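Each remark here refers to the structure printed beneath this line.
The values are calculated or read from the model by the stated rules, or taken from the named source; none is laboratory data. Because the structure is predicted, anything quoted here is derived from the model rather than measured. Cβ placement follows ideal geometry from the backbone for every residue including glycine, while neighbour counts extend to all protein chains displayed. Surface accessibility is based on the protein's heavy atoms, side chains included, excluding ligands, DNA and RNA. Shrake-Rupley method; radii C 1.70, N 1.55, O 1.52, S 1.80 Å.
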Amino acid sequence: MTLLNPNMAATFPPPVMEARRWLEGVSFSDNRPLINVSQAAPVDPPPVALREAMARFVLEEDETHLYGPVLGLPALRSEVAKQWTQGYGAEVSADQVAITSGCNQAFAATIATLAAPGDEVILPTPWYFNHKMWLDMGGIGSVPLPTGEGLIPSAEDAAKLITSKTRAIALVSPNNPGGVEYPRETLSAFLELCRTHGIALIVDETYRDFDSREGAPHQLFDDPAWADTLIQLYSFSKAYRLTGHRVGAMIAHPDRLAEAEKFLDTVAICPNQLGQRAALWGMQNLGPWLAEQRLEILDRAAAIRDGFPQLGSKGWQLDGCGAYFAWMRHPFEMPSDQLAQKMVQDHGVLCLPGTMFVPEDEQSGAAAFRIAFANIDRAGIEALYSRLLEMR
């Protein structure tokens, strides 16, 4: 290859795809199958009722197969605004909602409206690797904000990192990769910090449907002027198992959405029409089912915590657990990027090393793993712990 964008060349490969390559040439027996805790995406299809509705859309609604509005179906935008107004106890209007081709595209569109090459965005570490990848591709600096043992970022620490190049701070809560739920006070402090410095606060709430707290997870929308600073991102993929249909959302000031429309129109023209209709049907009909799914995920998180003392006695530490993820520190001398590959061959466990979620010069990643437990039940978690206890 003779020509390559240097920003693209400097961007690391997709971590989940890299981890899958570790499986090449490795076989697993029926009585000891692979335990895959590397990816958070649901592996089950949508519930039957939703798939039946999707079949009707394909057969009976011709517009399902045509271009639609760049910012999404009006009915879906209105439904998001309605449910957000109810769920957060504050007014959100349809013109403050855009539908995107997944939450990653919502982040990309947001950054496109905020930053140019040479600008900077602050990311707490461990960070969500796709956020870092997108910034790298655009020549935008990712400024790491270490979170330490509790994995909760500090607005006071972030204030020390803000410069004339800073355009935004991006948070993920419940967190990927750490699983922790950011306290309401933490998010409010970041909103105030960003407003004071005239920068944006991006809050990715992909996993909001699996937050363990009852009621609104924060009060950011209570601020009448929230849209001047806050940009919230969301994904329908996890809630309704629509990962392959790519439907997300961006909630922001209408003027910002007008700018994002330029980006979205040149990338995908419009979000997936079938996926949008499925998301709308799910929001209107699957409330009880989603509540059951939330309880199941919360039970799996409880199983991670309940069983962890047996690993703790061997020197492991559990720094974060919630939504789909646990962030565990191992007691071995071998760094996690090497150990993770060895775990596939020796123990039949595929997980992502902490090195994929931190800067190269940050040592914390070498001692950690992200465990994505959404696709293993209590029995699977018990089997996982049994294999981790085999490690020496």
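Values computed for the structure shown
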read-out	value
Yes/no for A49 being touching a helix residue (DSSP H, G or I) at 6+ places or on another chain (Cβ under 9 Å), in a helix (DSSP H, G or I) and surrounded by fewer than 17 Cβ atoms within 10 Å (Cβ to Cβ)	yes
A252, sole failed condition from (1) open to solvent by 10 Å² or more (accessible area, probe 1.4 Å); (2) in contact (Cβ under 8 Å) with a residue 24 or more places away in the chain; (3) within 19 Å of F107 (Cβ to Cβ); (4) of a type outside the set (V, I, T)	(1)
Residues being in contact with a helix residue (DSSP H, G or I) (Cβ under 8 Å, 6 or more places away or on another chain), closer than 18 Å to Q345 by Cα and in a loop (DSSP other than H, G, I, E, B) - total across the range 2-33	3
Residue match in the range 288-296 (condition: of a type outside the set (S, T, Y), farther than 23 Å from Q86 by Cα and buried (at least 20 other Cβ atoms within 10 Å of the Cβ))	no
In the range 302-315, the residues that are assigned to a helix (DSSP H, G or I), touching a Leu at 6+ places or on another chain (Cβ under 8 Å) and surrounded by 15 or more Cβ atoms within 10 Å (Cβ to Cβ)	I304, L311
Counted residues, the range 265-281 - those being under 20 Å from the mean Cα position of the chain (by Cα) and assigned to a helix (DSSP H, G or I)	3
Matching residues, the range 186-228, being out of contact with any strand residue (DSSP E or B) (no Cβ under 9 Å at 6 or more places or on another chain), polar (S, T, N, Q) and over 16 Å from T166 (Cα atoms)	S188, Q219
D223 being among the acidic types (D, E), open to solvent by less than 50 Å² (accessible area, probe 1.4 Å) and out of contact with any helix residue (DSSP H, G or I) (no Cβ under 9 Å at 6 or more places or on another chain)	no
Residues being modelled with pLDDT under 95, open to solvent by 60 Å² or more (accessible area, probe 1.4 Å) and in contact with a helix residue (DSSP H, G or I) (Cβ under 7 Å, 6 or more places away or on another chain) - total across the range 379-392	1
Flag for D299 being over 21 Å from the mean Cα position of the chain (by Cα), surrounded by fewer than 20 Cβ atoms within 10 Å (Cβ to Cβ), at pLDDT 95 or above and more than 30 Å from L71 (Cα to Cα)	no
Qualifying positions in the range 188-203 - farther than 21 Å from D255 by Cβ and buried (at least 21 other Cβ atoms within 10 Å of the Cβ)	F190
Qualifying residue in the range 223-246 (condition: among the β-branched types (V, I, T), part of a loop (DSSP other than H, G, I, E, B) and in contact with a Lys or Arg (Cβ under 6 Å, 6 or more places away or on another chain))	yes
Residue within the range 207-219 that is within 20 Å of L123 (Cβ to Cβ) and open to solvent by 40 Å² or more (accessible area, probe 1.4 Å) present	yes
Residue, modelled with the highest pLDDT, within the range 316-374, restricted to residues that are of a type in the set (S, T, Y) and either in a loop (DSSP other than H, G, I, E, B) or open to solvent by less than 10 Å² (accessible area, probe 1.4 Å) (or both)	S336
Considering residues of the range 85-104 that are surrounded by fewer than 23 Cβ atoms within 10 Å (Cβ to Cβ) and not small (G, A, S) only, the residue nearest to the chain's Cα centre (by Cα)	N104
Tabulated pairs, the range 295-313, first within 17 Å of N175 (Cα to Cα), second open to solvent by 40 Å² or more (accessible area, probe 1.4 Å) and of a type outside the set (V, I, T), C-beta under 8 angstrom, 6+ apart or interchain	L298/S212; R300/D377; R300/R378; A301/S212; I304/L318; R305/L318
